[in-house]
Every structure is written in C-alpha cells, then in structure tokens.
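Asker: Right, I'll just put the structure down here and ask away after.
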C-alpha cells in the first residue's frame, strides 16, 4: 500500500510545480524552448524513475537515461536568464 501512496504523492508533486513554472515563465515574459529545457529534463528524470519503478525496469537503462537527462539539464542551464534580485 505504501508504494501506491508514494507514487500518487510523486505524481501530485510533479503536476503542481509544472503549473508553477509555467505561470512564473508567463508572468516574467520568458519565451522559447531553450530556457525551459533544464526544467523539462529534471521533470523527465522523475517521470523516468517513476515509470522504471512501476514497470520493474530498474537497471542500466533507467540509470543511463537518468544520467543523460541530468547532463542535458546541466548543459541547458546556460540558456536560463539571470534573475535581477
């Protein structure tokens, strides 16, 4: 029962921040896909690991995809804007 509850919490905790990121980008007037690729990669890491857990696909492939997405997310941080606080 605990894995089901944790999976539901993870899905909810993924949907809510995606909504917040979209709203913040909209209010800041940020456009373009390159500035959003870091967030997209990090959300895909969570989705990949959740799917790997659900379908019992933990192993080399899920780790490889996770590392690849982490490297891509780190690479695309250079396109993110600098905040003016």
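The values are calculated or read from the model by the stated rules, or taken from the named source; none is laboratory data. For clarity, every value in this text was computed on a predicted model and none was experimentally measured. Neighbour counts are summed over all protein chains in view; Cβ atoms, including those assigned to glycine, are modelled from backbone coordinates with ideal geometry.
Asker: Assess whether residue 27 counts as being at pLDDT 90 or above and loosely packed, with under 14 Cβ neighbours inside 10 Å.
Answerer: Against the criterion (at pLDDT 90 or above and loosely packed, with under 14 Cβ neighbours inside 10 Å), residue 27 qualifies.
Asker: Determine, yes or no, whether residue 67 is over 18 Å from the mean Cα position of the chain (by Cα) and more than 17 Å from residue 10 (Cβ to Cβ). Outline the logic, then answer.
Answerer: Numbers: over 18 Å from the mean Cα position of the chain (by Cα): no; more than 17 Å from residue 10 (Cβ to Cβ): yes.
In short, no.
Asker: Any chance you could count how many residues in segment 42-56 are more than 18 Å from residue 21 (Cα to Cα) and either surrounded by 14 or more Cβ atoms within 10 Å (Cβ to Cβ) or in contact with a helix residue (DSSP H, G or I) (Cβ under 6 Å, 6 or more places away or on another chain) (or both)? Working first, answer last.
Answerer: Quick first cut of segment 42-56, residues more than 18 Å from residue 21 (Cα to Cα) only: 48-56.
Retained after the next criterion (residues that are either surrounded by 14 or more Cβ atoms within 10 Å (Cβ to Cβ) or in contact with a helix residue (DSSP H, G or I) (Cβ under 6 Å, 6 or more places away or on another chain) (or both)): 48-50, 52-53.
Looking only at that region, the number is 5.
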